[in-house]
Amino acid sequence: MFQLTDKIIDENELKRLVMDERAGAIVTFDGRVRNHNEGKAVSALAYEAYDELAINEGEKIIKEAMARFAIVNVAAAHRTGDLAISDVAVFVAVSSAHREDAFKACRFVIDEIKSRLPIWKREAYEDGSSVWVNCQTCGAHSDREAPHKVHHSERSERSEHAVKSQTA
């Protein structure tokens, strides 16, 4: 199960979704908003996504993890919208009979989410500036033209191109 949400991620609910009597291990990863990046003091983050493509790609990642690793279940969620320092931005839970498989699958899921999903991150800094970061398609935008202002069809083409580039 993959979820894209503008609400606070319920970590306990995602853990409950992967619990199973066959599982001897549950490994979780929560990615949180930190107060610094590349020497700058971060005050907040905002995430935007091409929802339909992000959800579809997130589900593909879950299916790939299920096929690739000896695991029982996987659940993951990624936030969109405005986040404060220490908020959970992304959460992954994996259950398996043994810990090694759960650790490997959890790492796979978070790495694939970070590299394949069309999600854009804008960091706001304590000095009042802000910038889109870790965004392959954002280089085409000026500070005035954020990804959310790009027409839906243009965003779709860019997102699909980014996903194809990542999987090629």
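The values are calculated or read from the model by the stated rules, or taken from the named source; none is laboratory data. This structure is a prediction, so every number in the text was calculated from the model and none was measured. Neighbour counts run over all protein chains shown; Cβ positions are idealised from the backbone, glycine included.
Among the residues of segment 147-165, is any in contact with a strand residue (DSSP E or B) (Cβ under 8 Å, 6 or more places away or on another chain), modelled with pLDDT under 50 and within 25 Å of H36 (Cα to Cα)? Yes, there is a match, as at least one residue in segment 147-165 is in contact with a strand residue (DSSP E or B) (Cβ under 8 Å, 6 or more places away or on another chain), modelled with pLDDT under 50 and within 25 Å of H36 (Cα to Cα). When we screen A65, A93 for residues that are part of a helix (DSSP H, G or I), modelled with pLDDT of 95 or more and of a type in the set (G, A, S), the only hit is A65. Is it fair to say I61 is in contact (Cβ under 8 Å) with a residue 60 or more places away in the chain and touching a Phe, Trp or Tyr at 6+ places or on another chain (Cβ under 9 Å)? Answer is no for this residue.
Being among the polar types (S, T, N, Q) and either part of a loop (DSSP other than H, G, I, E, B) or within 22 Å of F103 (Cβ to Cβ) (or both) is the filter here, so list the residues in segment 4-39 that pass it. Break it down stepwise before answering.
Our first condition is that a residue be among the polar types (S, T, N, Q); within segment 4-39, this holds for 5, 12, 28, 35, 37.
Result: N12, T28, N35.
Looking at segment 5-47, which of the residues that are aliphatic (A, V, I, L, M) and in contact with a helix residue (DSSP H, G or I) (Cβ under 7 Å, 6 or more places away or on another chain) is nearest to K114 (Cα to Cα)? Of everything passing the filter in segment 5-47, V27 is nearest to K114 (Cα to Cα). Looking across segment 23-53 at every residue that is of a type in the set (S, T, Y) and closer than 16 Å to F2 by Cα, the one that is surrounded by the most Cβ atoms within 10 Å (Cβ to Cβ) is identified as Y50. Residue count for segment 86-112 satisfying the condition of being buried (at least 20 other Cβ atoms within 10 Å of the Cβ) and touching a helix residue (DSSP H, G or I) at 6+ places or on another chain (Cβ under 8 Å): 10.
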